[in-house]
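S.K.: One structure follows; several queries about it will come next.
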Amino acid sequence: MKIDKEIGNVQLMQKINRLKVLNFIRQKGEVARPEIAKNIGLSPSSITNIVSYLLEKKMVVEMGRVDSKEVGRKATLIKFNPSAASIIAINIETSKIDAALTDLDGNILYKKEIVVGRAIRSFEVLNIIKKEIGTIINESEARNAKYIAGIGIAVSGLVLDDEKLVVSSSLRWRDFSLKEYFEDLLHIPVYLQNNSRTKALAVLKKKQGEFEKNIVFLDLTMGIGIINFYDQKINEAVIGEFGHTSVKKDGPLCFCGNRGCIEVMCSVETILSQCDELLNHGKCKILKSILENKGLPLSYEIVIEAFEKGDADVRDVLRECGEYLGVGIANIINIFNPQRIIINGDILLTCDYIFETAVKEADSRAYEQFTKDLKYEKVNIDSEQAIKGVSLFVAEKLFDLSGPDW
């Protein structure tokens with residue numbers, strides 16, 4: 001037993017050291033063995049052995065020699081090889097499912113978008129994903145891509161029980177298991193995550209090295225999720241379900257069972273519902289005229305058109321949405337004291353008025369010391385960036401101790 005334990009400890013240390021070297025090479029781009037040894041703290045001979053192992057596994061490749069004026073033999077540059085394996089990345093949203101094959105750096109090799117209904121049931125999602133994964137596997141074989149090392153599934157919702165269950169207000173799912181189903185079916189590691197978090201990873205990767213120390217990423221695309229970056233890393237202690245914090249005591253009922261959640265108060269559905277009620281009471285005259293002239297049902301785009309044409313009642317609805325969002329942002333500021341708030345929003349933030357109202361309200365409510373140097377940034381993460389975030393999430397899992405032996 002003692003011998004087995006010693007062997008296990010040696011193997012664990014080998015894996016730890018290999019991952020340290022591999023992740024350092026991934027972060028640096030191109031790097032020579034002496035620099036790896038200097039930064040990792042291992043002997044040159046150990047680095048040589050580990051790099052030889054990684055070269056044999058095709059995880060790294062040699063890229064020529066260091067450009068230096070020093071006399072003598074120049075060191076060989078080592079580079080991470082993202083095509084050593086493939087990843088299947090799935091991003092589930094309320095109106096569509098994106099499925100893609102990527103390399104280990106998140107570069108998309110194949111991608112397909114499947115439009116779905118907002119009230120799609122969980123078993124229908126399973127069937128769609130199963131079909132698309134089969135298509136991707138066939139596509140991978142046709143491209144002679146390397147083996148599929150893992151599958152990442154990102155979903156709008158709270159991921160619980162060691163990445164097994166999803167509770168989603170925006171998708172109307174409760175205790176829906178994705179991980180176990182697909183691992184049993186495909187025998188490939190499956191990693192499940194909230195897609196606000198995977199989108200945040202895409203932002204982190206894109207702006208690596210440019211960030212302040214303490215950043216909040218606020219995702220408004222499906223509900224409201226919050227991610228905290230601290231020292232260039234995601235703060236895992238922040239669960240992210242900011243959308244289910246209360247901002248109105250007796251507000252509308254949320255799917256989570258609570259009332260007055262900020263996710264309900266700051267949603268397109270609430271804006272449409274309020275406008276529809278005002279129309280029934282003879283208000284929103286400009287909005288009514290546009291609807292009658294176009295012969296179209298009420299939509300967010302038409303609401304914004306009415307606002308731009310000067311509908312005062314619509315303006316009040318949008319102002320209230322922005323103010324509630326601002327209340328939430330003020331709470332974030334007072335809790336996290338961030339240096340920058342990055343807000344991702346597609347439909348809701350197409351209206352600058354909502355964004356500007358939210359920022360004004362937040363600044364009026366939060367501590368002045370916290371808002372003095374605070375920067376706001378508005379982004380719109382597209383489907384390709386979202387897929388890249390899912391792929392990067394899987395890569396992080398693959399390149400930690402719980403991942404395979406590279």
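S.K.: Report the local net charge at Thr135: Lys and Arg +1, Asp and Glu -1, summed over other residues whose C-beta lies under 12 Å from its C-beta.
M.R.: Working: positive: Lys111, Lys112, Lys130, Lys131; negative: Glu132, Glu139, Glu141.
Net local charge, Thr135 excluded: +1.
S.K.: Give the Rg/Rh ratio for the range 284-406, taking Rg as the radius of gyration of the Cα atoms and Rh as the Kirkwood radius, to two decimals.
M.R.: Details: Rg = 19.9 Å, Rh = 17.3 Å.
Rg/Rh: 1.15.
S.K.: Still on this structure: So how do 50-56, 181-187 stack up, highest first, on mean other-Cβ count within 10 Å? Could you put the intermediate results ahead of the total?
M.R.: Values: 50-56: 16.6, 181-187: 13.7.
Taking the mean over residues of other Cβ atoms within 10 Å, the ranking is 50-56, 181-187.
S.K.: Report the calculated FRET efficiency for Glu180 and Met13 (r = Cβ-Cβ distance, R0 = 45 Å), to the nearest 0.05. Could the numbers behind the result be given before it?
M.R.: Details: r = 32 Å, r/R0 = 0.71.
Plugging the Cβ-Cβ distance into 1/(1 + (r/R0)^6) gives 0.90.
S.K.: Over all directions, what mean area does the Cα convex hull of the range 169-319 project, stated in square nanometres? Kindly include the intermediate steps, with their values, before the conclusion.
M.R.: Values: hull surface 53.3 nm².
Dividing the Cα hull surface by four gives the mean projection, 13.3 nm².
S.K.: I've got another one for you. For the chain, which span is the longest to avoid every loop-located (per DSSP) member of trypsin sites (Lys or Arg not before Pro) having at most 10 other Cβ atoms inside 10 Å? Present the calculation step by step, with values, prior to reporting the outcome.
M.R.: Details: sites that count: Lys69, Arg73, Lys249, Lys372.
The reported range is 74-248.
S.K.: Tally Lys/Arg at +1 and Asp/Glu at -1 over every other residue whose Cβ is under 12 Å from the Cβ of Ala330; what's the total?
M.R.: Values: positive: Lys360, Arg365; negative: Glu323, Glu361, Asp363, Glu368.
Around Ala330, the charge tally is -2.
S.K.: Just checking my list (i) 21.8; (ii) 26.2; (iii) 20.4 against mean projected area of the Cα convex hull in nm² computed from this structure; which label fits?
M.R.: From the options (i) 21.8; (ii) 26.2; (iii) 20.4, the structure gives (ii).
S.K.: Using 7 Å Cα-to-Cβ label points, what is the Arg65/Ser122 separation (nm, one decimal)?
M.R.: 6.1 nm
S.K.: Estimate the FRET efficiency between Ala75 and Asn235 by the formula 1/(1 + (r/R0)^6), using the beta-carbon distance for r and 35 Å for R0, to the nearest 0.05.
M.R.: Values: r = 37 Å, r/R0 = 1.06.
The calculated FRET efficiency here is 0.40.
S.K.: Summarise the accessible area of the chain (1.4 Å probe, protein heavy atoms) by the percent that is carbon and sulfur. All intermediate terms of the calculation are to be shown ahead of the outcome.
M.R.: On the way: 10000 of 20470 Å².
Within the chain, the accessible surface is 49 percent carbon and sulfur.
S.K.: Convert 37 °C to kelvin, take the viscosity as 0.692 mPa s, use the Kirkwood radius over C-alpha pairs of the range 189-256 as Rh, and evaluate the Stokes-Einstein diffusion coefficient in µm²/s, rounded to a whole number.
M.R.: Numbers: Rh = 13.4 Å.
Stokes-Einstein gives a translational diffusion coefficient of 245 µm²/s.
S.K.: Here's another thing I want to ask about it. Subtract the Cα-Cα distance of Lys20 and Thr350 from 0.36 nm times their separation in residues, and report this length gain in nm to one decimal.
M.R.: Separation in residues times 0.36 nm, less the Cα-Cα distance, equals 114.5 nm.
S.K.: Next up: Can you tally the net charge around Tyr53? Count Lys and Arg as +1, Asp and Glu as -1, for every other residue whose Cβ sits under 15 Å from the Cβ of Tyr53.
M.R.: Working: positive: Lys15, Arg18, Lys20, Arg33, Lys57, Lys58; negative: Glu56, Glu62, Asp405.
So the environment of Tyr53 carries a net charge of +3.
S.K.: Return the distance in nm (one decimal) between the two label points of a simple spin-label model at Tyr53 and Glu301, each offset 7 Å from Cα along Cα→Cβ.
M.R.: Placing both labels 7 Å beyond Cα along the Cβ direction yields 5.6 nm.
S.K.: What 222 nm value per residue comes from the helices of the chain, counting each DSSP H run with n ≥ 4 as -39,500 (n - 2.57) and dividing by all residues, nearest 500 deg cm²/dmol? Provide the component values of the computation, followed by the final result.
M.R.: On the way: 14 runs with 184 residues, N = 406.
Only helices count here, giving -14500 deg cm²/dmol.
S.K.: Nearest 0.05, what FRET efficiency do Tyr147 and Lys248 give at R0 = 45 Å with Cβ-Cβ as r?
M.R.: Numbers: r = 51 Å, r/R0 = 1.14.
Plugging the Cβ-Cβ distance into 1/(1 + (r/R0)^6) gives 0.30.
The values are calculated or read from the model by the stated rules, or taken from the named source; none is laboratory data. From a predicted model like this one, the values you see are computed outputs, not experimental measurements. Neighbour counts run over all protein chains shown; Cβ positions are idealised from the backbone, glycine included. These accessible areas exclude ligands, DNA and RNA; they are computed on the full protein's heavy atoms, side chains included. Shrake-Rupley method; radii C 1.70, N 1.55, O 1.52, S 1.80 Å.
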